[in-house]
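The following block contains the structure, expressed as C-alpha cells.
The values are calculated or read from the model by the stated rules, or taken from the named source; none is laboratory data. Everything quoted here is computed from the prediction, not taken from an experiment. Note that we place each Cβ from the backbone using ideal geometry, even for glycine, and neighbour counts take in every protein chain shown. Surface areas here come from the heavy atoms of the whole protein model, side chains and all, with no ligands, DNA or RNA. Shrake-Rupley method; radii C 1.70, N 1.55, O 1.52, S 1.80 Å.
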Amino acid sequence: MPLFKKIIAASLLIIPLVISTNSFAFNMPKEFASLGGKTLSNKDVFSQRASFIKPESKTNSNNVRSAILAEFSNWKGTRYHFGGTTHNGVDCSALMQHIFSDSFHKSLPRTTTQQIRNGEHVNKGMLKPGDLVFFHTSPGMRHVGVYVGNNEFIHASSSEGVTMSSLANRYWVEHYETARRLKVIG
C-alpha cells in the first residue's frame, strides 16, 4: 500500500469523530475505502478506531492517571468536612464527584452508597487508574477514593484532608470493601 494511503488510513483511525450509532458525520472518500485489498465501510473504520482507544490500553490508563493527578493538585490539602462540597471543606464522595466531573465530564451520585452502585466490579488485583475504591470504615459508614496506579489512591481523609494514600497501608487493607470501574473515556 502506498505510504500516502497508509498515512490517511492511520489518521482516519485517530481523528475524533462526531457520529451517531449508525453513521459518520462525513462519508469516507472512495479512494481511501479500499485498504490492503479489503473494502472498508465507515462502520469498519469506526470499529478499528474504537479498538485503538480501548479503555484498557496503557496509553489510556496514563491519560486517566494524568487527568486525575491534575485535578488532585487543585484539591490537595483541602480540609475534610462531612457533607462539604467546596474547597473550604469536602467529603470523600463530593471529591469523587468533582474529580470525575472536572476530569472526564462524568456525573457521579452524591453519596458513597449511591456511587458504589455504578460501574462494574473490579478485583483488587486488577485495578486501573480511574477505578473507585471503597472501604467499610465503621458500621453504616463507607469511604471512597479513586485509584491512580502504583497501589495508591486519592481521597478526602478525615484526618489529613485531600491526600494520596497507599492501598498497602494496614488500615486500608483491613477496611477494603470493593472497587468499581466506570466508563470514563470513550
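Picking from Arg117, Arg110, Arg170, which residue would you name as being touching a helix residue (DSSP H, G or I) at 6+ places or on another chain (Cβ under 9 Å), over 18 Å from Arg65 (Cβ atoms) and modelled with pLDDT of 95 or more?
Arg110
Right, here's the next one. Any chance region 39-62 includes a residue that's at pLDDT below 50, open to solvent by 60 Å² or more (accessible area, probe 1.4 Å), in a helix (DSSP H, G or I) and acidic (Asp, Glu)?
The answer is no, given that none of the residues of region 39-62 is at pLDDT below 50, open to solvent by 60 Å² or more (accessible area, probe 1.4 Å), in a helix (DSSP H, G or I) and acidic (Asp, Glu).
Mind checking which strands (runs of 3 or more DSSP E) fall wholly inside region 87-186 and carry at least 2 residues that are of a type in the set (A, V, I, L, M) and closer than 23 Å to Asn74 by Cβ?
Counting at least 2 such residues, we get 132-138, 141-149, 152-157, 161-166.
When you look at Val133, is it touching a Pro at 6+ places or on another chain (Cβ under 7 Å), closer than 26 Å to Asn63 by Cβ and of a type outside the set (D, E, K, R), yes or no?
So Val133 fails the test.
Also, I was wondering about something else. Quick one: is Phe153 touching a helix residue (DSSP H, G or I) at 6+ places or on another chain (Cβ under 7 Å) and either of a type in the set (Phe, Trp, Tyr) or under 17 Å from Gly119 (Cβ atoms) (or both)?
The answer is no for Phe153.
For region 98-119, name all the residues that are open to solvent by less than 10 Å² (accessible area, probe 1.4 Å) and either touching a Leu at 6+ places or on another chain (Cβ under 7 Å) or among the small types (Gly, Ala, Ser) (or both).
If the condition is that a residue be open to solvent by less than 10 Å² (accessible area, probe 1.4 Å) and either touching a Leu at 6+ places or on another chain (Cβ under 7 Å) or among the small types (Gly, Ala, Ser) (or both), then Phe100, Gln115 are the ones that fit.
Taking the options Val162, Val133, Val148, Val122, name whichever one is farther than 19 Å from Ala67 by Cα, surrounded by 17 or more Cβ atoms within 10 Å (Cβ to Cβ), among the β-branched types (Val, Ile, Thr) and in contact (Cβ under 8 Å) with a residue 12 or more places away in the chain.
Val122
Going by the conditions given, is Gly140 among the small types (Gly, Ala, Ser) and closer than 15 Å to Arg65 by Cα?
No, not satisfied.
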